[in-house]
Structure formats: C-alpha cells, structure tokens
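Trainee: Supplied in structure tokens, the structure appears directly below.
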Amino acid sequence: MLKAVIFDMDGVIIDSEPMHAKAAVMALKKYNIDIPIEYAYRFIGTKMAYMCSRMVEDFNMDISPDELVDANNEMKRLLLEKEGYPAIPYVIELIRDLHNHGLKLIIASSSSSATIEYVMDSFNIKEYFSAYISGDMVTRPKPAPDIFLLAAERLGLVPSECIVIEDSYNGVTAAKAAKMACIGFFNPNSGQQDLSCADYIIEGFEEVDYDFINQVYCQIYKEAAIILTTQNFIIRELEDRDLDALCLLRSQPEIRRYLTDMEEDPDIEKEKLRAYIKNVYSYYGFGLWGVFLKENGRLIGQCGIEYKMLDGKPIYELGYMLSKAWQGMGYALEFTSAVLDYCFRELTIRKITAIIDKDNDSSIRLAQRLGMKKVSECIRSNKACDIYEICKQ
C-alpha cells in the first residue's frame with residue numbers, strides 16, 4: 001500500500017538546475033577554465049562536493065575541492081539574489097493534495113540542509129513534509145540508494161511503501177537501487193536525462209494528483225487501485241478476494257433480473273469475473289469497480305463505465321448495482337455522480353450513455369437525477385430499453 005511520496009527537490013520542486021549549472025560554469029571561469037554548460041549537467045542529482053572533486057581532477061586544478069565548493073556557493077548566492085528559485089508549475093498544488101489525502105511526504109535531495117530549508121520556507125511548504133534528507137546526511141550520493149533508504153527509514157516505512165519522483169538519471173537509478181517505485185519527471189531544463197529506468201515518465205504536473213500517483217503505484221505493484229472516495233464510499237478495482245461477496249451481490253433477485261450475462265454455475269461465474277478483473281482494468285484503464293463502505297470495507301455495489309458497441313458505434317456505458325439493503329438512502333446518487341465526474345475529469349470522456357430496462361423505474365429516476373436525458377430506445381437481450389446520455393459540460 002502506498003504510504004509516502006519522496007520528492008527530489010532540484011528540478012522537481014524548484015527549477016534550479018539551470019542556475020546550478022550556470023554557477024558551476026562561473027566558478028570555473030574564476031580559475032580561467034571555460035566549460036560548456038552541458039558538462040555541468042552531467043552532475044545533476046549528485047552532491048556538490050562530488051562534482052567539485054571531479055572538476056578539480058578533470059581539469060588538474062591547483063586548488064582543493066573545498067575551495068571550488070566555496071566558489072560555487074558564492075556564485076549560487078549571487079545568482080539566487082538576482083534571479084531566485086522558480087517553482088516547477090503545479091508541483092505545490094500536488095504537494096498539498098498528497099498531504100490532504102494522508103500520505104507522508106519527505107524531500108530527499110543532494111542539496112544541503114540549508115538550501116532545502118530555504119526552499120521550504122520560500123514556498124511555505126514545510127508543514128506538508130514529515131522530514132527531509134540532504135546530501136550531507138549520507139556518505140554515498142545518488143546514484144547510490146542511500147538517500148532514499150534513509151528517507152524510508154526516517155518515515156518508519158519499507159521501500160515498497162514509497163514512490164519517488166525524480167528528474168535525473170542519477171536520481172532514478174538511486175530510486176530503483178533502493179527497490180522503490182519511481183516516477184520520472186522529464187524536465188527539459190535538467191538536461192537530456194536518461195529516465196528510462198523509471199517505472200513511469202511524466203512531462204508535467206498539470207494533471208498529476210493523488211489519484212494519479214496512487215494508480216501508478218498500484219499498476220507497478222499490481223494492487224487494486226483506489227479510483228476515488230466519497231463521503232461514504234471507497235470505489236476501487238475489484239480483486240480476487242472480493243469474488244465471493246460480488247457473486248452474492250449479483251445473485252440478489254432484484255439485481256439478477258437485470259443481468260444478462262450471469263452464469264448459473266457459480267464456479268463458471270467466478271472464473272468469468274476473475275478474467276474480467278485481470279484483463280479489463282489493465283487494458284482499458286476503467287471498468288465496473290467495486291463500491292465499498294468506508295466504515296467497514298463491505299462491498300455493497302458496483303459502478304463504473306464500460307466500452308461497448310451500440311448500433312455499430314462505440315459508447316461509454318454507465319453501469320451500476322446496489323445491494324437491496326442499501327437502496328433508498330441516496331447512496332446510488334452519491335457514488336454514480338462521483339463516477340461520472342471522475343470519468344469526465346480524469347478520463348476526459350465527453351459523453352456517457354446508460355441503457356436501462358423500461359421497467360427499471362429506480363434506475364430511470366437515478367439517470368434523470370444525474371442530469372441524463374433520454375435520447376432513444378433499443379432492444380437489448382429481448383428487452384425494451386431506454387437510452388440516456390449525458391455530455392461533459
């Protein structure tokens with residue numbers, strides 16, 4: 001289960017790498033050494049002490065690495081006073097959203113403790129993070145896994161409960177060496193970083209939120225993804241352990257009468273449902289999900305959308321069912337409206353269709369309360385049905 005997100009800082013929270021590279025060029029210029037800025041980008045994700053040691057060695061400099069560190073820090077200070085650190089667009093919103101959903105957050109950066117403190121204070125994000133790990137706190141820099149292993153230890157978690165967001169080859173390599181899930185953020189200002197070892201690569205944070213992060217994590221570890229939560233429900237992908245409860249739900253006479261594909265043999269029915277769970281979610285990214293009570297985790301319904309064909313044309317069909325014991329309480333409206341909003345917002349679907357038996361009065365009333373409009377009629381499995389639609393506003 002996902003419990004924490006580990007953020008790199010430079011290039012992920014702040015767009016600082018161009019400034020750091022520029023400072024390195026300026027520091028070497030002080031000693032009459034001209035380098036292309038691409039050389040400095042090689043050290044993204046490493047500690048400054050390591051970078052300066054390599055530079056002293058590469059250019060046979062007659063100074064100590066510590067002296068070059070001081071020169072770099074001075075150039076960074078001058079640039080920072082002049083330009084400041086810009087935040088990566090939308091990352092602050094992501095940090096708040098993850099925190100509000102109860103995830104632990106920690107920064108694991110090769111930068112110094114003072115720099116991390118400065119950034120957290122500058123963007124008023126210190127309250128969202130449980131702690132930070134700086135490059136000063138570990139012996140081996142990225143691409144060694146030490147900084148991420150220490151971050152997990154500081155949070156009291158194991159690596160498999162964390163996911164890392166990194167923008168550099170060294171950072172991604174370190175995360176995978178720590179046996180952690182990793183999202184690579186392709187930041188063009190971080191140089192041409194090889195992020196191919198990341199489990200998932202993004203190009204921005206505009207549409208990245210808790211749901212996205214959690215679903216990526218679940219895909220990596222092949223866990224059932226939580227799609228969304230409402231006031232009373234958790235809506236998530238179904239798992240094999242849910243099959244007994246799901247079969248009982250589907251066998252209720254009030255539900256069974258509207259199911260056209262349910263097998264009489266319960267073992268065959270379970271195998272069909274098992275194949276559905278294994279194949280449909282991963283192929284489409286959606287399907288009929290389980291509706292579970294928040295208070296006790298009990299499965300009381302299903303809701304979701306399915307890709308179907310109607311009169312030779314593809315549609316996204318809304319489907320739902322609710323245990324009889326929980327009907328008449330407004331629950332169906334709560335979770336179906338949440339699912340519609342999710343499909344419009346997250347899946348960017350433009351139109352959703354519901355095909356309802358003409359004698360299913362409760363579902364017809366629900367469709368109308370959801371704002372769906374009757375557009376036509378059809379025959380399905382020898383039953384007369386009404387076709388309702390709703391479009392994204």
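The values are calculated or read from the model by the stated rules, or taken from the named source; none is laboratory data. Just so it is clear, the structure is predicted and the values come from calculations on it, not from any experiment. Cβ sites come from the backbone with ideal geometry, for glycine too, and all protein chains shown count toward neighbours.
Trainee: Between residues in the range 382-393 that are in contact (Cβ under 8 Å) with a residue 12 or more places away in the chain and residues that are of a type in the set (G, A, S), which pairs lie under 6 Å by C-beta distance while being six or more apart or on different chains?
Mentor: The qualifying pairs are I387/S376; Y388/A354; Y388/A367; I390/G371.
Trainee: Please work out if E67 is under 24 Å from K142 (Cα atoms), without any contact (Cβ under 8 Å) to a residue 12 or more places away in the chain and surrounded by fewer than 18 Cβ atoms within 10 Å (Cβ to Cβ).
Mentor: yes
Trainee: Sticking with this one: Taking the range 203-214 on its own, how many of its residues are surrounded by fewer than 20 Cβ atoms within 10 Å (Cβ to Cβ) and over 13 Å from E93 (Cα atoms)?
Mentor: Qualifying residue count, the range 203-214: 3.
Trainee: For the range 300-314, give me the residue count where each residue is surrounded by fewer than 19 Cβ atoms within 10 Å (Cβ to Cβ) and of a type in the set (A, V, I, L, M).
Mentor: Going through the range 300-314 one residue at a time, the tally reaches 2.
Trainee: Now a separate question. Give the residue, chosen from A174, A198, that is small (G, A, S), farther than 23 Å from S112 by Cα and touching a strand residue (DSSP E or B) at 6+ places or on another chain (Cβ under 9 Å).
Mentor: Just a single option satisfies the conditions, and that option is A198.
Trainee: Which residue, of E269, E317, E263, E223, is under 27 Å from the mean Cα position of the chain (by Cα), at negative phi, surrounded by 12 or more Cβ atoms within 10 Å (Cβ to Cβ) and free of Cβ contacts under 8 Å to residues at least 60 places away in the same chain?
Mentor: E317
Trainee: Out of all the residues in the range 310-344, which are touching a Leu at 6+ places or on another chain (Cβ under 7 Å) and in a helix (DSSP H, G or I)?
Mentor: Y331, A332, L333, T336, S337, A338, L340, Y342
Trainee: So L195 ticks every box in (1) in the same structural domain as E346 (by TED's automatic domain parsing); (2) in contact with a Gly (Cβ under 7 Å, 6 or more places away or on another chain); (3) over 23 Å from M1 (Cβ atoms) but one. Which box is left unticked?
Mentor: Going through (1) in the same structural domain as E346 (by TED's automatic domain parsing); (2) in contact with a Gly (Cβ under 7 Å, 6 or more places away or on another chain); (3) over 23 Å from M1 (Cβ atoms) one by one, L195 breaks only (1).
Matching residues to (1) under 15 Å from the mean Cα position of the chain (by Cα); (2) at pLDDT 95 or above; (3) surrounded by 22 or more Cβ atoms within 10 Å (Cβ to Cβ):
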site: P159; (1), (2), (3): no, yes, no
site: V164; (1), (2), (3): yes, yes, yes
site: V172; (1), (2), (3): no, yes, yes
site: C182; (1), (2), (3): yes, yes, yes
site: F185; (1), (2), (3): yes, yes, yes
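Trainee: Quick check, is I92 in contact with a Ser or Thr (Cβ under 8 Å, 6 or more places away or on another chain) and not assigned by TED's automatic domain parsing to the domain that holds A23?
Mentor: Judged against the criteria, I92 is not a match.
Trainee: When only residues in the range 286-309 that are outside any strand (DSSP E or B) and under 21 Å from the mean Cα position of the chain (by Cα) count, which is farthest from I349 (Cα to Cα)?
Mentor: G287
Trainee: Please determine, by comparing only the residues of the range 370-393 that are among the aliphatic types (A, V, I, L, M) and crowded, with 17+ Cβ neighbours inside 10 Å, which one is nearest to F335 (Cα to Cα).
Mentor: L370
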